[in-house]
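Below is one structure, written out as structure tokens; comments come after it.
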Amino acid sequence: MILSLQAVQVATSSDDTESQLVFADGFLVAVLVRLSAQHGEDTGKWFLEAGFGPLAPACPPLFADLAAARAWIMRRLIAAA
């Protein structure tokens with residue numbers, strides 16, 4: 001399985017606009033958003049704004065960096081295969 005990320009800006013109702021579209025084998029599986037300074041100690045962490053299929057958890061996680069997000073996404077997708 002090949003994961004690829006594409007940097008985009010998302011129109012949110014906050015300062016959280018830096019985002020990544022996540023594709024698995026060409027299919028959109030998630031939208032990650034980097035948290036802005038308004039989130040205090042979570043500034044700079046990545047939030048799963050939207051997940052599709054096996055990435056649609058009841059309680060979206062926060063990730064310290066994109067590598068952690070990619071690892072979590074890969075684990076979820078492999079487990080669902």
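The values are calculated or read from the model by the stated rules, or taken from the named source; none is laboratory data. Just so it is clear, the model here is predicted, and its values are computed rather than measured. Heads up, the Cβs are rebuilt from the backbone with ideal geometry, glycines too, and the neighbour counts pull from every protein chain shown.
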TODO: Just give me the residues in the stretch 11-51 being of a type in the set (A, V, I, L, M, F, W, C), out of contact with any Asp or Glu (no Cβ under 9 Å at 6 or more places or on another chain), farther than 17 Å from Ala80 by Cβ and crowded, with 16+ Cβ neighbours inside 10 Å, in sequence order.
DONE: Leu21
Task: When residues of the stretch 52-70 are limited to those that are of a type in the set (A, V, I, L, M, F, W, C) and surrounded by 13 or more Cβ atoms within 10 Å (Cβ to Cβ), the one nearest to Ala7 (Cα to Cα) - done: Leu66
TODO: Give me a count of the residues in the stretch 1-60 that are in a strand (DSSP E or B), out of contact with any strand residue (DSSP E or B) (no Cβ under 7 Å at 6 or more places or on another chain) and β-branched (Val, Ile, Thr).
DONE: 0
Task: Subset of the stretch 41-77 [charged (D, E, K, R), at pLDDT below 95 and within 10 Å of the chain's Cα centre (by Cα)] - done: Glu49
